[in-house]
Amino acid sequence: MTNKAGSKPAYELLGLKAREYDDICARLGREPNYVELAIFSLMWSEHCGYKHSRPLLKDLPVGGDCILQGPGENAGVVDIGGGLAIAMKIESHNHPSAIEPFQGAATGIGGIVRDIFAMGARPIACLDPLHFGSLEKARQQFLLEGVVAGVAAYGNCMGIPTIGGEIHFEDSYEDNCLVNVMCAGLVRHGDILKASARGEGNLILLVGSTTGRDGIGGASILASAEFDETAGEKRPTVQVGDPFTEKKLLEACLQMRDEGLLVGLQDLGAGGLSSSASEMASKGGSGIDLDISRVPLREEGMEPFEIMISESQERMLACVIPENEEAVKGICAKWDLDATVVGKVTGSGRLRVFNGAGLIGDMPVAALVDEAPTYLVEPVRPAHETDEPLAEGHYPQPANLNEILLTLLASPNICSRRWVWQQYDHMVQTNNALWPGGEAAVLRLKGRRQGVAFTTDGNGRRCYLDPRRGARAVVAEAARNLSCVGARPLAVTNCLNFGNPEKGGIYYQFKEAVAGMKEACRALETPVTGGNVSFYNESFGKAIYPNPVIGMMGLVEDTGRIQTLAFKEEGDAVLLLGSARPAMDGSEYQLRIYGEVAGRIPDVDLELEKKMQLLVREAILKGLVRSAHDVSDGGLACCLAESAIAGAVGVVIEMEPGRRADILLFGEAPGLIVLTAVPADVERLRGLAAGLPLRKIGQTGGGKLVIKAGGAAVVSVPVAQVEQAWQGSLEAMVSGKK
Amino acid sequence: MSALSQTKNRTVRFGIVVFPGSNCDADSYDAVGTFAAAGARYLWHKDMELDGLDCVILPGGFSYGDYLRSGAIARFSPIMKAVRRFAGDGGLVIGICNGFQILLEAGLLPGAMHRNEGLKFVCRLVNLRVENAVTPFTNKYKQGQVIRIPIAHMEGNYFVGAAGLAELEAHGQIVVRYCDPSGEVTKNANPNGSLGNVAGICNRAGNVFGLMPHPERVCDPVVGGSDGRGVFESIISSIAQARI
């Protein structure tokens, strides 16, 4: 089959390979027509078909006592007791955002929010992990501003608080920013909806916005290919968001749920009607007949294939028994939304597409949904990886550690994110038990003592040096963040951002990262409830850092007994929990001061990690600690500085001699937590620690951050100066003042 | 509805307007629910019935999407006809954030909103100085008291002409202003560029109040404070007083 110009075959222009085309012909028993080919090209795209990831992802731990819904639905669902559950999911919207940051990010939010209410859950929180290139470049400032404004515009209008996320800046993301979006929702067990179309003769209603030409080829052309100099020409594949319509759609769908009107509900995302209809039929073990002549359109002259693959936003597909058609339409009329019967459920196991009376497409559902080919690639360990950590003397020891501290605190990867989170409505719904800027976000559950906590974590730089260790560390850090506020980690949703998996080096990174994630999720008992794989994050042949981003949720027993990272009072004992040895390799210190990313990152001790986190949670619940902060980017010194700033309380620390002070203070290693306690509680805390590595390293007080090594102060800076370096840095960089 | 039917006759009855893009309606409902002497019910924007209500809340959100100008379409909605009549009869009306914007567009309060000076959405706690503590909405605060209440908006940069401002000043209609923690009204304490640091105003009669900050968000210490309770306590108290 060739296109009109006769140059390349049509399947190739749609992103399919020759053997995939042959495979489709074999499954149909004939050549597909153009409508069918367009549909197959989406369903068999990497984005929808998980062609390179499926064989590896099946090894991830997915089961657990609290898992009500694992991977495979629109979102995972986690039991939190008392008949309530949390639906959660993370996704990427990287390529759309790189081309059009505002709409790319906005529609990313729109998509993930629909996934959550498709499960029957009311969205209660968004978290957005973002990765950009260096902020010294105007393009990156533009991307950051646009993405943050897009997230804000959509989330704020929907009335869903954006309560967390993270931002990293590395050259690796310069031509390929990462915009990952996570949403969580609250649902009663009995209200959970599934995306299935069941019951022959039941109706398929398209609800919400009209269908237009926006987002044609989003999943195939945009999301499943590398960028090159033509990237800008792909702008028409980016959708445009309308959060007001989505807000109405949300309320209408939840009202249908409350009135028990739905057999199944599915959002229209990547792949539009094609993907939604075939997935609903697949999950229901049924078939669907669609009549595209009934789809309300927003522009004239749309081709049938365009109607089938349009990614116009703010649309849902509902499966309804015929008796409930009028009730569903009544609710939609109340909210001024279109609701149109566009098809019906059949027992054929086929997706049949009609244009009025004429049959224009007829495909087996299983072929579309389950039978996309999978590929195994020979993994090749990239040449930059090494088994050898750097020697302690690899870099010269700097003379002035005060300067290093202030430089690191002002680093775009460490400085205050206030400029960002103030643009997000993080309080709407009035559940915010903690302000942003802490270890993790905590939401109360109205009418209960319990609460839920969320965090997202990713560290591409560490994964670049060692994807397996990096992934283990990222999962452990997410769990540690939750434990530091007092929440018990329950489950994970992941967004796996990688380069082109057809290349051995990238496939190796993916395989190793999945293996690391598997080990850590198993050890910490946080099963994976689903997520998203984003491949082809490459531009001009250069891939981003491999970046498995983890979204994790936890349960808080009592929102009156949570903890923050801020020092509370003068005179509290400062304790360091953990035995990890900080290293230069892969640290912010190495990057910022020595301009390198090299060596081998330390591995996390998962068994010790689990015990440490349990201790921290127990200590918080018993009221034995007054602050808890994970040692992360910028090492121990930056960790202490952040606690001092947050509490406006100074600290005096005495380090044990023996290693280079700069590496002890600014080096990084997963598995260290700084705790503070009233001196009278320290012995009880030690008792609770029962032999875990816990040592007193100083006490809070005074107006300075003082760190002594062998008696001499190697760092001594007033807290006010520390705060100044940390607080205004991001804003100054975005506005080009720095 | 249920909240009302379960409460006694003496209950102060709040009506909370729900536009399709309202998103602080439930928060306002929940906030009212924390007061034993109050009950609330929702008012759909296509309806016009306000029977038996003591106070109408126009909540925060994006009424009809607000892609044009915040509140510009909401002023034409059926419920706003009823609210206008209700206010004309002396009923208490409070507009919070988007509700304030709608009151301005509807002409129930003087002035208009520009985009924030920084051209960005701003969500954070601010300090407010109570400039008039004898309104039905602020009588539980002390004159000059500094309270901490969050803002969350893109268009809160209040503007009114010189004559209008003089009028507001002369009649004590500026109810709350942005200030620093010590109560000083400074430029630095102004989060959005609003004229004279105005955060909230009332009409000449004193029964219609609009403010950008969200008192309903700080009615429970678990979520960051309780300084907003005074607004609801004031309304409940003034209605109870009026009944005696």
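Write down the Kirkwood hydrodynamic radius of the protein assembly as shown, to one decimal in angstroms, obtained as one divided by the mean of 1/r over all alpha carbon pairs. Walk me through the numbers on the way to the answer.
Details: mean 1/r = 0.0341 Å⁻¹.
Computed over the protein assembly as shown, the radius equals 29.4 Å.
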(request) Compute the distance in nm between two label points, each set 7 Å from the Cα along the Cα-to-Cβ direction, one at A:A598 and one at A:F142. (result) 3.5
(request) With only alpha-carbon atoms counted, please give the Rg and Dmax of region A:375-500, in Å. (result) 19.3, 57
(request) Report the net charge of residues surrounding A:R449, where surrounding means a beta-carbon distance below 15 angstrom and charges are Lys +1, Arg +1, Asp -1, Glu -1. (result) +2
(request) Against the globular-protein guess of 2.2 N^0.38 Å, express the Cα radius of gyration of region A:274-414 as a ratio, rounded to two decimals. (result) 1.91
(request) Would you mind giving the average projected area, over all directions, of the Cα convex hull of region B:23-110 in nm² with one decimal? (result) 5.5
(message) Let me check against my output: what whole-number percent is the relative contact order of chain A, with C-alpha pairs under 8 Å and at least 6 apart?
(response) 15
(request) Report the far tail of the P(r) of region B:2-243, meaning the percent of Cα-Cα pairs longer than 26 Å. (result) 30
(message) For a quick check: sort A:D242, A:D171 by the number of other beta carbons within 10 angstrom, fewest at the front.
(response) A:D171, A:D242
(request) Assign unit charges at the C-beta atoms only (+1 for Lys and Arg, -1 for Asp and Glu), then state the dipole size of chain A relative to its Cα centre in Debye, rounded to the nearest 20. (result) 1360
(message) Straight-line reach only, C-alpha to C-alpha below 27 angstrom: list the lysines that B:K142 could link to, leaving out same-chain residues fewer than 8 apart.
(response) B:K187
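Considering only DSSP beta bridges with both partners in the protein assembly as shown, what is the antiparallel share in %, to the nearest 5? Could the numbers behind the result be given before it?
Working: 120 of 162 bridges.
So the antiparallel bridges in the protein assembly as shown amount to around 75 percent.
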(message) From the helices alone, meaning DSSP H stretches of at least four residues, give me the mean residue ellipticity at 222 nm for the protein assembly as shown, per-run term -39500 (n - 2.57), in deg cm²/dmol to the nearest 500.
(response) -9000 deg cm²/dmol
(request) Go through region B:152-234 and name the trypsin sites (Lys or Arg not before Pro) that are in a DSSP coil and have 15 or fewer other Cβ atoms within 10 Å of their Cβ. (result) B:K187, B:R204
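Beyond 28 Å between alpha-carbons counts as too far, so tell me which of A:K542/A:K610; A:K194/B:K120; A:K511/A:K542; A:K194/A:K344; A:K329/A:K446 fall in that bin. Walk me through the numbers on the way to the answer.
Details: A:K542/A:K610 37 Å; A:K194/B:K120 38 Å; A:K511/A:K542 19 Å; A:K194/A:K344 17 Å; A:K329/A:K446 32 Å.
Pairs exceeding the cut-off: A:K542/A:K610; A:K194/B:K120; A:K329/A:K446.
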(request) Calculate one ³J(HN,Hα) per residue across region A:344-360 by plugging θ = phi - 60° into the Karplus curve 6.51 cos²θ - 1.76 cosθ + 1.60, and present them in order as whole Hz with x for glycine and proline. (result) 8, 7, 10, x, 7, x, 10, 9, 10, 10, 10, 10, x, 7, x, 7, 10
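May I ask you to derive the FRET efficiency for A:A26 and A:V380 from their Cβ-Cβ distance with R0 = 30 Å, giving the value to the nearest 0.05? Spell out each step's value before the answer.
Working: r = 31 Å, r/R0 = 1.05.
Calculated transfer efficiency: 0.45.
Going through region A:299-377, which chymotrypsin sites (Phe, Trp or Tyr not before Pro) have at most 16 other Cβ atoms within 10 Å and a DSSP loop state? Please report the intermediate quantities before stating the final value.
Working: sites: A:F305, A:W335, A:F354, A:Y375; in loops: A:W335, A:Y375.
Counting only loop positions with at most 16 other Cβ atoms within 10 Å, the chymotrypsin sites (Phe, Trp or Tyr not before Pro) in region A:299-377 are A:Y375.
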(message) Between B:A163 and B:R204, how high is the FRET efficiency from 1/(1 + (r/R0)^6) when r is the Cβ-Cβ distance and R₀ = 22 Å? Nearest 0.05.
(response) 0.95
(message) I want to check the label-to-label distance for B:Y67 and B:D51. Put each point 7 Å from Cα in the C-beta direction and report it in nm to one decimal.
(response) 3.8
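Only loop residues by DSSP count here, and only those with at most 11 other Cβ atoms within 10 Å; note down the chymotrypsin sites (Phe, Trp or Tyr not before Pro) in region A:526-596 that meet that.
Working: sites: A:F535, A:Y536, A:F540, A:F567, A:Y589, A:Y594; in loops: A:F535, A:Y536, A:F540, A:F567.
Counting only loop positions with at most 11 other Cβ atoms within 10 Å, the chymotrypsin sites (Phe, Trp or Tyr not before Pro) in region A:526-596 are A:F540.
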(request) Mark the label point 7 Å from the Cα of B:E117 along Cα→Cβ and return the residues of region B:153-180 whose backbone N is within less than 14 Å of it. (result) B:156-159, B:178-180
(message) Could you check the spin-label model distance between A:R660 and B:S226? Points 7 Å from the Cα along Cα→Cβ, value in nm.
(response) 5.4
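Applying 1/(1 + (r/R0)^6) with R0 = 30 Å to the Cβ-Cβ distance of A:D65 and A:S579, what FRET efficiency is obtained, to the nearest 0.05?
Numbers: r = 31 Å, r/R0 = 1.03.
Once rounded, the FRET efficiency stands at 0.45.
All of the numbers you see were taken from the coordinates with simple rules; none came from a lab. Note that the coordinates shown come from a computational prediction; the quantities given were computed from them, not determined experimentally. FYI the Cβ positions are ideal-geometry reconstructions off the backbone, even for glycines, and counts take in every protein chain you see.
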